[in-house]
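The values are calculated or read from the model by the stated rules, or taken from the named source; none is laboratory data. The structure presented is a predicted model; accordingly, all values stated were derived computationally and were not measured. Using ideal geometry, Cβ is built from the backbone for each residue, glycine included, and neighbour counts are taken over all protein chains shown.
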Amino acid sequence: MSRRRRHAPGRAAVVGYGNVGRLFGGLLADAGWQITAVDPNVSAEHGAPHATGAIRADIGAPTAELRTCLADADMVIVAVPERAALAAVDTLDACVGAATPVVETLSHKHRFRQAASERLAPRPLVSLNPLFHPSLGWAGNTVTASVDRGGEVTAQLLDLIRTTGARVHLLDPADHDRFVTSVQAVTHAAVLGFARALPRLGLPPADVIACAPPPTRALLAVAARVLTAESETYWDIQSSGEPGDTARRALLTGIEDLDHQVGAGDDAGFGDEFARLRAWFGDELDGFADDAAHILGALVSRRAATPRPSTPAPNRGAT
């Protein structure tokens, strides 16, 4: 790679120009990079902010234009779901220059790394995972980074992320899924389990929402945020095998233990579990409790400022 390409902004192909692709496209464009958005549903006129060019193509079935774009790129960012990323390995190997970094943004890394790590050598290979929805922005959030093979351009990319106020947390590639996927899988399973339980209660949604105390409203808000995103992102995490399977089993065991304690009238065991959980949080307990107070206070204030129109209660007959 030339000295200019190592140190100066160059050309980046961003494969997959959804929320995450646009997040990285904007980051690089602001630093002077020329961005080509690659997506079956994108065009230069519609849906390609920050991009200087757009190619409507599928990475798994590349056009001649896409092959040329990948060959000319100084960095390739792969921001597509796992199935598409796996299908892209042959194309990346055939088209991307031997010194050009390949950066992927999958939530679960093992299968892609297994398929691509040796195939794409000696290219620099970096696994990034923004642990936040792109609408929240970089500042104050965390991006995990697992570097198989680094270099000047990948170091520059990590430095760019840090300049936004985001934290870059370096993980060994083998550790990412054990740490990150476990936490994401159990979190999303808990939220989706809560959301799935609500219709099973047999209560009218309007009454559930009207009677929800602040913690329930917070959970409703998180569930709504998940449900307004693409289901494929969450499916990739839940269907990742280990450690996602273990995370869901741990959640199920926790619910079963609670159900058993209540069924047995074991209030002492219930209190003991509170003590164990407080000990697990350790010195972080009060900080998270304070976070919750701020979040719930902000939620209540926001709803108070924009009240929903009241609806008459349905006539359920005499009680």
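Which count do you get for residues in segment 35-81 that are touching a strand residue (DSSP E or B) at 6+ places or on another chain (Cβ under 8 Å), in a loop (DSSP other than H, G, I, E, B), under 23 Å from E230 (Cα atoms) and in contact (Cβ under 8 Å) with a residue 60 or more places away in the chain?
Number of matching residues: 2.
Does R162 satisfy the criteria of being modelled with pLDDT of 95 or more, among the basic types (K, R) and more than 25 Å from E82 (Cβ to Cβ)? I'd like the intermediate steps shown before the answer.
On the way: modelled with pLDDT of 95 or more: yes; among the basic types (K, R): yes; more than 25 Å from E82 (Cβ to Cβ): yes.
Yes: the conditions hold for R162.
Pick from segment 301-319 the residues that are under 22 Å from P204 (Cβ atoms) and surrounded by 10 or more Cβ atoms within 10 Å (Cβ to Cβ): which of them is modelled with the highest pLDDT? Working first, answer last.
Start the filter on segment 301-319 by keeping residues that are under 22 Å from P204 (Cβ atoms), which leaves 303, 307-319.
Restricting the remaining residues to those that are surrounded by 10 or more Cβ atoms within 10 Å (Cβ to Cβ) gives 303, 313.
Numbers: R303: 77, A313: 46.
Ranking the candidates gives R303 first.
Is it true that some residue in segment 166-173 is buried (at least 18 other Cβ atoms within 10 Å of the Cβ) and under 16 Å from H108 (Cβ atoms)?
Applying the first criterion (buried (at least 18 other Cβ atoms within 10 Å of the Cβ)) to segment 166-173 yields 166, 171.
Checking which are under 16 Å from H108 (Cβ atoms) leaves us with 171.
Checked against the condition, which is being buried (at least 18 other Cβ atoms within 10 Å of the Cβ) and under 16 Å from H108 (Cβ atoms), segment 166-173 yields at least one hit.
So, in segment 95-144, how many residues would count as being free of Cβ contacts under 8 Å to residues at least 12 places away in the same chain and polar (S, T, N, Q)?
Result for segment 95-144: 1.
Determine which member of the set V208, V180, V191, V186 is buried (at least 16 other Cβ atoms within 10 Å of the Cβ) and modelled with pLDDT under 95.
Working: V208 fails: buried (at least 16 other Cβ atoms within 10 Å of the Cβ); V191 fails: modelled with pLDDT under 95; V186 fails: modelled with pLDDT under 95.
Only one candidate qualifies: V180.
Looking only at residues in segment 82-110 that are of a type in the set (A, V, I, L, M) and part of a loop (DSSP other than H, G, I, E, B), which one is surrounded by the fewest Cβ atoms within 10 Å (Cβ to Cβ)? Talk me through it step by step, then tell me what you get.
Step one: filter segment 82-110 for residues of a type in the set (A, V, I, L, M), giving 84-89, 92, 94, 96, 98-99, 102-103, 106.
With the extra rule that they be part of a loop (DSSP other than H, G, I, E, B), the set shrinks to 96, 98-99, 106.
Values: V96: 21, A98: 9, A99: 16, L106: 27.
So the residue we want is A98.
Restricting attention to segment 265-300, and to residues there that are exposed (fewer than 10 other Cβ atoms within 10 Å of the Cβ) and of a type in the set (A, V, I, L, M), which single residue is nearest to V180 (Cα to Cα)?
The residue in question is A279.
Go through R123, R67, R83 for me and flag whichever is basic (K, R), more than 17 Å from the chain's Cα centre (by Cα) and either over 29 Å from T163 (Cβ atoms) or outside the structural domain of V153 (by TED's automatic domain parsing) (or both). Steps first, please.
Details: R123 fails: either over 29 Å from T163 (Cβ atoms) or outside the structural domain of V153 (by TED's automatic domain parsing) (or both); R83 fails: more than 17 Å from the chain's Cα centre (by Cα).
R67 is the lone residue from the list that is basic (K, R), more than 17 Å from the chain's Cα centre (by Cα) and either over 29 Å from T163 (Cβ atoms) or outside the structural domain of V153 (by TED's automatic domain parsing) (or both).
In segment 130-140, what count of residues is obtained for those that are over 14 Å from T105 (Cβ atoms) and not hydroxyl-bearing (S, T, Y)? Spell out how you get there, then give the answer.
Taking segment 130-140 first, the residues over 14 Å from T105 (Cβ atoms) are 135-137, 139-140.
Next cut, not hydroxyl-bearing (S, T, Y) only: 136-137, 139-140.
Within segment 130-140, residues that are over 14 Å from T105 (Cβ atoms) and not hydroxyl-bearing (S, T, Y) number 4.
Only one residue in R162, R113 is within 21 Å of G21 (Cα to Cα) and surrounded by 15 or more Cβ atoms within 10 Å (Cβ to Cβ). Which one?
Numbers: R162 fails: surrounded by 15 or more Cβ atoms within 10 Å (Cβ to Cβ).
None of the other options fit; the residue is R113.
Please return the ranges of helices (runs of 4 or more DSSP H) entirely within segment 131-212 where 3 or more residues are not assigned by TED's automatic domain parsing to the domain that holds A229. Show your work before the answer.
Details: elements: 152-163, 182-200, 205-210.
Output list reads 152-163.
May I ask you to list the residues in segment 54-81 that are surrounded by fewer than 16 Cβ atoms within 10 Å (Cβ to Cβ) and not β-branched (V, I, T)? Talk me through it step by step, then tell me what you get.
Within segment 54-81, the subset surrounded by fewer than 16 Cβ atoms within 10 Å (Cβ to Cβ) is 61, 63-65, 67-68, 71-72.
The answer is A61, A64, E65, R67, A71, D72.
Against the condition within 15 Å of S107 (Cβ to Cβ), among the charged types (D, E, K, R) and outside any helix (DSSP H, G or I), how does E232 come out, does it pass?
Values: within 15 Å of S107 (Cβ to Cβ): yes; among the charged types (D, E, K, R): yes; outside any helix (DSSP H, G or I): no.
So E232 fails the test.
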